[in-house]
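Since the structure comes first, as structure tokens, the remarks are kept for the end.
The values are calculated or read from the model by the stated rules, or taken from the named source; none is laboratory data. Quick caveat, the model's predicted, so the values are computed rather than measured. Quick reminder, even Gly has a Cβ in these numbers, built from the backbone with ideal geometry, and neighbours come from all protein chains shown.
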Amino acid sequence: MHKTISLALGTICAVFLFFTMISAIRFVQSAWQPPEPQQRAEERYRLVLITQDLGTPFWNKVGEGAEAEAEKLGANLEIWGTYGEDREDFLKQLEIAIDSKVDGIIVQGMDQDDFDNLTKVKAAFYGIPVITVASDVPMSDSMRKTYVGSNALAAGRMIAERLVADMGEKGTVVLLGDSREEYDQRQRVLGVRGVLSAYPNIRIEYVTTSDEEQRIAAATQDVMNRFPEVKAFISVDANLTAAMVQEIGKRSRIDPYYIYSFDDNPDIKALLGQGKLDGVVEQAPSEMGETGVRMMVQWLDGKTVPLDPEGYPTPIRISTTEDAS
């Protein structure tokens, strides 16, 4: 009898001890559990905007437009990127966004195999849609869903038409581009050539250089030596413009030359205001950001499937010194 009672009491104590230990373990586990991220109920999607040019006026406007549209549509938008075109870190940020399994990526296009592999293979594997903004890449290489930004071909045509209106139908024109010759630059050059080739007395000289200031100066100096009769310059990559203009100014006065560029560099507005540029293709960066977010959310909602692979062009216009003053 005593043995039976002792056995029963022992069993009860063992069961009680077991449940006490389980409760203690669960309490400790819950105490060390990281807090759940606080997210507003209306934020249905997590989106990331990635650029190589954080902090520039152009990309600040892209970001502002994107943030405003994301708030309007109830999406959570983060802006990532690099400063000063750090291409390796930019690609790393893109890969981190993919590994984080965000709902959508809006990214400045980079015409490079590593970029294409990340968007075409890795992002596609996780089912993450990619939209390029401001700078495009060929869809066949990257498998991006669409592009939002200026039509580079149309921008090239626009700047060439302005040049002919200013210079006339005769003269040597130098096109200065980056030696990487990325997709947008090739499209701009194609647009310029398409217009100028209609004028038999206009001669086109296409020169490429790296984006180092000394190399740009050397390339400008060399082309002016080889073609002393040159009448006009078009910098098809805005990042080369300031160094090119500076070198032209060292050789002679700026006034006799017709000089044109694009607005996606912080130096351009000042050069235009100083009268050192005759015309600039002005883009609509805020609208790029707004439209990029809107099209991404429409795709995620299933409202616009598929997105237009040809892209959603944003407005462009020619801005002159008179406009800048």
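Taking the range 138-181, which residues are touching a Gly at 6+ places or on another chain (Cβ under 6 Å), of a type outside the set (F, W, Y) and buried (at least 24 other Cβ atoms within 10 Å of the Cβ)?
First pass over the range 138-181, keeping only residues touching a Gly at 6+ places or on another chain (Cβ under 6 Å): 146-148, 153, 156-157, 162.
Okay, now just the ones that are also of a type outside the set (F, W, Y), so 146, 148, 153, 156-157, 162.
Those that are touching a Gly at 6+ places or on another chain (Cβ under 6 Å), of a type outside the set (F, W, Y) and buried (at least 24 other Cβ atoms within 10 Å of the Cβ): T146, V148, G156.
Could you give me the residue pairs with C-beta distances under 8 Å whose first residue belongs to the range 114-128 and is more than 12 Å from L94 (Cα to Cα), whose second residue is surrounded by 14 or more Cβ atoms within 10 Å (Cβ to Cβ) wherever it lies, and which are 6+ apart or on separate chains?
K120/D141; K120/S142; K120/M143; A124/M143; Y126/I98
Are any residues in the range 272-304 among the β-branched types (V, I, T) and touching a helix residue (DSSP H, G or I) at 6+ places or on another chain (Cβ under 6 Å), and if so, which ones?
Result: V280, V281, V293, V297, T304.
Any idea how many residues of the range 207-229 are among the aliphatic types (A, V, I, L, M) and loosely packed, with under 12 Cβ neighbours inside 10 Å?
0
Just give me the residues in the range 132-180 being without any contact (Cβ under 8 Å) to a residue 40 or more places away in the chain, assigned by TED's automatic domain parsing to the domain that holds V62 and among the charged types (D, E, K, R), in sequence order.
D141, R144
Which one of L300, L271, L277 is within 22 Å of the chain's Cα centre (by Cα), crowded, with 17+ Cβ neighbours inside 10 Å and under 30 Å from I50 (Cβ atoms)? Break it down into steps so the answer makes sense when it comes.
Details: L271 fails: within 22 Å of the chain's Cα centre (by Cα); L277 fails: within 22 Å of the chain's Cα centre (by Cα).
Only one candidate passes the filter, namely L300.
Could you give me the residue pairs with C-beta distances under 7 Å whose first residue belongs to the range 296-309 and is closer than 24 Å to P138 by Cβ, whose second residue is at pLDDT below 95 and loosely packed, with under 12 Cβ neighbours inside 10 Å wherever it lies, and which are 6+ apart or on separate chains?
Pairs that qualify, where the first residue is closer than 24 Å to P138 by Cβ and the partner is at pLDDT below 95 and loosely packed, with under 12 Cβ neighbours inside 10 Å, are W299/V305.
Kindly indicate which of Y206, Y183, Y257, Y199 is within 30 Å of G55 (Cα to Cα), assigned by TED's automatic domain parsing to the domain that holds R162 and of a type in the set (F, W, Y).
The unique qualifying residue is Y183.
Restricting the search to the range 186-204, which residues are touching a Lys or Arg at 6+ places or on another chain (Cβ under 8 Å) and either of a type outside the set (G, A, S) or surrounded by fewer than 17 Cβ atoms within 10 Å (Cβ to Cβ) (or both)?
If we filter the range 186-204 for residues that are touching a Lys or Arg at 6+ places or on another chain (Cβ under 8 Å), which is where we start, we get 191-192, 194-195, 199, 201-202, 204.
Across the range 186-204, the qualifying residues are V192, G194, V195, Y199, N201, I202, I204.
Run Q283 past the list (1) at pLDDT below 95; (2) buried (at least 20 other Cβ atoms within 10 Å of the Cβ) and report the number of the one that doesn't hold.
(1)
Can you find, within the range 243-268, the residue that is farthest from M167 (Cα to Cα) among those that are among the aliphatic types (A, V, I, L, M) and crowded, with 20+ Cβ neighbours inside 10 Å?
If we filter the range 243-268 for residues that are among the aliphatic types (A, V, I, L, M), which is where we start, we get 243-245, 248, 254, 259, 268.
After this cut, where a residue has to be crowded, with 20+ Cβ neighbours inside 10 Å as well, the list is 243-245, 248, 259, 268.
Working: A243: 23, M244: 19, V245: 18, I248: 18, I259: 10, I268: 21 Å.
Result: A243.
Name the single residue, out of those in the range 70-83 being within 13 Å of the chain's Cα centre (by Cα) and in a loop (DSSP other than H, G, I, E, B), that is surrounded by the fewest Cβ atoms within 10 Å (Cβ to Cβ). Talk me through it step by step, then tell me what you get.
Filtering the range 70-83 down to residues within 13 Å of the chain's Cα centre (by Cα) leaves 79-83.
Then keep just the ones that are in a loop (DSSP other than H, G, I, E, B); that gives 82-83.
Details: T82: 19, Y83: 12.
My answer is Y83.
Take the residues in the range 84-130 that are farther than 17 Å from T51 by Cα and of a type in the set (F, W, Y), then tell me which one is surrounded by the fewest Cβ atoms within 10 Å (Cβ to Cβ).
Ranking the qualifying residues of the range 84-130, first place goes to F125.
Tally up the residues in the range 105-124 that are more than 20 Å from D301 (Cα to Cα) and out of contact with any strand residue (DSSP E or B) (no Cβ under 6 Å at 6 or more places or on another chain), please.
Just the residues of the range 105-124 that are more than 20 Å from D301 (Cα to Cα), to begin with: 108-122.
If we keep only those that are out of contact with any strand residue (DSSP E or B) (no Cβ under 6 Å at 6 or more places or on another chain) as well, we get 110-118, 120-122.
Total satisfying the criteria: 12.
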